[in-house]
Amino acid sequence: MASLREQRTIAEVCRLSNAGLPAPELLQRVARALHRVVPFELYSAATIDPASSLITYAFAGSVAGGAETTRPANHTWFERFYFEEAFDQTIALVRRGESVTTILDETNGRLESSLCYRESMKPAGIEHKAHALFVDRELWGDMELYRERGSPAFSPRELEFMRRIAPEVGKGLRVATLRARGAGDGAHDSSPGVLVIDHLGRITGTPTAERMLAELGELHPRWREKGAMPAPVHVVLGALQQTLAPSSDNERGLTPRLRVRGRLGRWLSVHAAMSEATPLRSAERIVVIAPAKPQDVAWLGMSAYDLSTREEEVVKLVVGGLSTRSIADKLFISENTVQRHLSNIFDKVGVRGRRALVKQLFFEQVLPAAA
């Protein structure tokens, strides 16, 4: 039976998860509440893109002694440990349908077999780690709790308590992600920006569009009047014009869409289209600027390696965490054919395995957004 403290903590986590908090604040406050029932010295937490299972934001913190502190995840951690060990472990947990584990269980008691333990935890005097996944139909985030050397291991009761609250936190993170996409908040804005250019060249646009234009390049104070927008916008508008009145087969095949890394480090998708004219309104050019989707980022990585259409399909499923058998079932091909495609992909990309493939194709594109 749950103790009074456990009951109160569960109630508080449920309240926080239904309060509509931004994801980082929700994770910080959940850690603070969790600490009362499952003590720890340090913790790390992350939000995760359910489409790719990749981290979108991560930080570390402490709530011990009443002096709460947080800091963004170190760039080195992503490069040294995330793609080498943590990503695969997370995918494996999802496949097994588990929401909580410990480093003792994951290594069968052989801590030295863990890269993270050998090179990060042990030098810092950390011996125990509990890992919780926050799932609400899809994976939305996770949290790791750390205890110093000499502290007791996480008990079965503590782990069961973490399992009890994990789905509630997953629900809260899902709601936070959907709210962020709808509202946006500057540098972490996930909603698209829209520009409308009428037949006289007059420009109107949403507030989000102006922020994203500033990410694309220096923005003239009177950009609406002068039409002086960053180069990517002019490029897609030019491509749009060529597709409307092509003079060659090459121009007929132009796509008025590009992907570009913004000044804040994230990839943006810039797309142009023409609205239909009506008796009361002339046709207008429309430009949409939005953070690139994981699929767009995948295209960026794969396009450099001359992969076939089928090989690209295999890559996307690999990044989604599917096993060889699951990929074969999804694509209606044999497992041997999947292995042959993977071998060709590894040769073209210049890697030796799935983990290295994910790192090569996605690391440079995804990390800036996470940072």
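The values are calculated or read from the model by the stated rules, or taken from the named source; none is laboratory data. All values reported here derive from a predicted model rather than from experimental measurement. Counting neighbours? That spans all protein chains shown, and the Cβs are built from the backbone with ideal geometry, glycine included. Only protein heavy atoms, including side chains, enter the accessible area calculation; ligands, DNA and RNA are left aside. Shrake-Rupley method; radii C 1.70, N 1.55, O 1.52, S 1.80 Å.
Data table
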read-out	value
Scan of region 135-165 for residues that are within 26 Å of G320 (Cα to Cα), basic (K, R) and open to solvent by less than 50 Å² (accessible area, probe 1.4 Å), ordered by number	none
Residue identified as under 26 Å from L93 (Cα atoms), at pLDDT below 90 and out of contact with any Leu (no Cβ under 7 Å at 6 or more places or on another chain) among R157, R118, R149, R174	R174
Selected residue (only one of A58, A33 is modelled with pLDDT of 90 or more, among the hydrophobic types (A, V, I, L, M, F, W, C) and closer than 28 Å to R137 by Cβ)	A33
Every pair of residues 6+ apart whose Cβ atoms lie under 8 Å, when the first sits in region 21-49 and is farther than 15 Å from T70 by Cα while the second is surrounded by fewer than 24 Cβ atoms within 10 Å (Cβ to Cβ) and acidic (D, E)	P22/D185; A33/E12; V37/E6; V37/E158; V38/E158
Residue within region 38-47 that is of a type in the set (A, V, I, L, M), surrounded by 20 or more Cβ atoms within 10 Å (Cβ to Cβ) and more than 26 Å from the chain's Cα centre (by Cα) present	yes
Sole exception among (1) at pLDDT 95 or above; (2) in contact with a helix residue (DSSP H, G or I) (Cβ under 7 Å, 6 or more places away or on another chain) for D88, by number	(1)
Exclusive hit being within 22 Å of the chain's Cα centre (by Cα), surrounded by fewer than 20 Cβ atoms within 10 Å (Cβ to Cβ) and in a loop (DSSP other than H, G, I, E, B), set E25, E98	E98
Identity of the residue in region 190-200, part of a strand (DSSP E or B) and open to solvent by 20 Å² or more (accessible area, probe 1.4 Å), that ends up farthest from D49 (Cα to Cα)	V196
Top-ranked residue in region 107-135 [being assigned to a strand (DSSP E or B) and of a type outside the set (A, V, I, L, M); ranked as farthest from S44 (Cα to Cα)]	E127
Boolean, L133 is of a type outside the set (G, A, S), out of contact with any Phe, Trp or Tyr (no Cβ under 6 Å at 6 or more places or on another chain) and at pLDDT below 95	no
Pairs, first crowded, with 21+ Cβ neighbours inside 10 Å in region 206-217, second part of a helix (DSSP H, G or I) and β-branched (V, I, T), C-beta under 9 Å, six or more apart	L213/V233
Any hit, region 259-267, residues being modelled with pLDDT under 75, part of a loop (DSSP other than H, G, I, E, B) and open to solvent by 90 Å² or more (accessible area, probe 1.4 Å)	no
A31 vs. criteria part of a helix (DSSP H, G or I) and of a type in the set (G, A, S)	yes
Selected residue [modelled with pLDDT under 75, surrounded by 17 or more Cβ atoms within 10 Å (Cβ to Cβ) and either farther than 17 Å from E215 by Cα or among the basic types (K, R) (or both)] from P294, P256	P294
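Residue by residue, here is whether (1) under 28 Å from V358 (Cα atoms); (2) touching an Asp or Glu at 6+ places or on another chain (Cβ under 6 Å); (3) open to solvent by less than 40 Å² (accessible area, probe 1.4 Å) holds:
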position	(1), (2), (3)
S3	no, no, no
E12	no, no, no
R32	no, no, no
Y82	yes, no, yes
D88	yes, no, no
I103	yes, no, yes
G109	no, no, no
